[in-house]
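J.: Got a structure here, written out as structure tokens. Questions coming.
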Amino acid sequence: MNVKAFGVVGSGQMGNGIAQVAAASGLNVLMSDIKQEFAENGLANIARNLNRMVDKGKITDDDRNATLARIKITTNLEDMAEVDYVVEAATEREDLKFKVFQDLDKICPAHVILGTNTSSIPIGRIAAQTKRPEKVIGMHFMNPVPVMKLVEVIKGLPTSDETFKITWDLCEKFGKTPAEANDFPGFIANRILMPMINEAIFCLYQGVGKKEDIDTVMMLGMNHPMGPLALADLIGLDTCLAIMDTLYDGFKDSKYRPCPLLRKYVEAGYLGRKVGKGFYEY
């Protein structure tokens, strides 16, 4: 299948990043969201990112203008009937993702592949919401999408080899390095990363160290570019909690139990950078 038109459901931090790299690769992109203001904010964020790249000399003015010209926004999910491949990048909530896939399955022609940017929910569970499970696959981008090279490609039990190959090739077209992960909760990246972040939160919760010291130890002692608490703020504490809940529910192993402090912050609305307050203030 020759993918020419690419759809992204969700225009938030991950969705607009995926739309940007797809458009930069030469694809026509349709980015949807439930409200016009959300979609417009996503497009504005893409424009800001591209402007920064121009200022740094990474792309030309013509590159920026061409990329923006290839992106259209919509609030009507039924417009996805016109694309060849769709990636869902909605909030990490199982019920929401299930509804999106049920709707896309009805809207999109039979040949269209339905990808999900889920960071933890099993692909087979999402595929079961459709009548085309062989065309459902995980396409897990890293944040921030335009910068990070990795994409986890997760093949569910019913996912066809053809769907996998098309998705792998798309990742490379986007200038990314794909890595194959099997369909277990959290896949590879978050199976390893999230328990580490959760343990850092336990260290804060139990008074092992202050937040600045915990992050300093991991940056200078383990050569991480960012400390785990600052990284949690960047990811979104609600997303971190959702992933830990998925891991805990999926494996029933106490090592994946979310730290009570993480849940307390989320319940208080301290979700990280996107709201200006998490473990740090922004």
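The values are calculated or read from the model by the stated rules, or taken from the named source; none is laboratory data. Because the structure is a prediction, the values reported are computed rather than measured. Reconstructed Cβ throughout: ideal geometry from the backbone, glycine too, with neighbour counts over all protein chains shown.
J.: Give 72, 56, 99 a once-over and let me know the one that is free of Cβ contacts under 8 Å to residues at least 24 places away in the same chain and either under 20 Å from the mean Cα position of the chain (by Cα) or closer than 18 Å to residue 18 by Cβ (or both).
T.: After ruling out the rest, the residue left standing is 99.
J.: Could I ask something else about it? Answer yes or no as to whether residue 135 is touching a residue at least 12 places away in the same chain (Cβ under 8 Å), among the charged types (D, E, K, R) and in contact with a helix residue (DSSP H, G or I) (Cβ under 7 Å, 6 or more places away or on another chain).
T.: Yes; evaluated as a whole, the condition is true for this residue.
J.: Ok, one more. Report yes if residue 47 is of a type in the set (A, V, I, L, M), part of a helix (DSSP H, G or I), touching a Ser or Thr at 6+ places or on another chain (Cβ under 9 Å) and at pLDDT 95 or above, otherwise no. First the steps, then the outcome.
T.: Numbers: of a type in the set (A, V, I, L, M): yes; part of a helix (DSSP H, G or I): yes; touching a Ser or Thr at 6+ places or on another chain (Cβ under 9 Å): no; at pLDDT 95 or above: yes.
When the stated conditions are applied, residue 47 does not pass them.
J.: Could you figure out which of (1) outside any helix (DSSP H, G or I); (2) surrounded by fewer than 24 Cβ atoms within 10 Å (Cβ to Cβ) isn't true of residue 114?
T.: (2)
J.: Residue check, residue 28 against (1) touching a strand residue (DSSP E or B) at 6+ places or on another chain (Cβ under 7 Å); (2) within 24 Å of residue 119 (Cα to Cα), all met but one. Which one?
T.: Result: residue 28 fails condition (2) only.
J.: Scan segment 140-162 and report the pairs whose first residue is over 18 Å from residue 190 (Cβ atoms) and whose second residue is at pLDDT 95 or above and not in a helix (DSSP H, G or I), with Cβ atoms within less than 6 Å and a gap of 6+ or a chain change.
T.: Every condition considered, the pairs that remain are 159/137.
J.: Let me ask something else about it. Are any residues in segment 235-257 crowded, with 20+ Cβ neighbours inside 10 Å and closer than 21 Å to residue 14 by Cβ, and if so, which ones?
T.: 235, 236, 237, 238, 239, 240, 241, 242, 243, 244, 246, 247
J.: Right, another one. Considering only segment 84-111, state which residues are charged (D, E, K, R) and outside any helix (DSSP H, G or I). Break it down stepwise before answering.
T.: Of all residues in segment 84-111, those charged (D, E, K, R) come to 84, 88, 92-95, 97, 99, 103, 105-106.
Listed by number, the residues that qualify are 84, 88, 92, 93.
J.: While we're here: Counting residues that are within 16 Å of the chain's Cα centre (by Cα), which helices (runs of 4 or more DSSP H) fully inside segment 186-282 reach at least 3?
T.: In segment 186-282, 189-205, 228-235, 237-251 are the helices (runs of 4 or more DSSP H) which contain 3 or more residues that are within 16 Å of the chain's Cα centre (by Cα).
J.: State which residue pairs qualify: first residue touching a residue at least 40 places away in the same chain (Cβ under 8 Å) and inside segment 233-257, second residue of a type in the set (S, T, N, Q) and assigned to a helix (DSSP H, G or I) in any location, beta carbons under 6 Å apart, and separation of 6 or more residues or different chains.
T.: So the pair list comes out as 243/190; 244/198.
J.: Condition first: assigned to a helix (DSSP H, G or I) and either of a type in the set (Gly, Ala, Ser) or over 10 Å from the mean Cα position of the chain (by Cα) (or both). Can you find one or more residues in segment 135-155 that meet it?
T.: Yes, segment 135-155 contains at least one residue that is assigned to a helix (DSSP H, G or I) and either of a type in the set (Gly, Ala, Ser) or over 10 Å from the mean Cα position of the chain (by Cα) (or both).
J.: Which one of these does residue 202 not meet: (1) hydrophobic (A, V, I, L, M, F, W, C); (2) farther than 24 Å from residue 145 by Cα; (3) modelled with pLDDT under 95?
T.: It is condition (3) that residue 202 fails.
J.: Given the criteria touching a His at 6+ places or on another chain (Cβ under 6 Å), of a type in the set (A, V, I, L, M, F, W, C) and not assigned by TED's automatic domain parsing to the domain that holds residue 146, does residue 218 qualify?
T.: yes
J.: Which number in (1) in a helix (DSSP H, G or I); (2) surrounded by 14 or more Cβ atoms within 10 Å (Cβ to Cβ); (3) free of Cβ contacts under 8 Å to residues at least 40 places away in the same chain; (4) out of contact with any Ser or Thr (no Cβ under 7 Å at 6 or more places or on another chain) marks the one condition that residue 67 misses?
T.: Single failed check for residue 67: (3).
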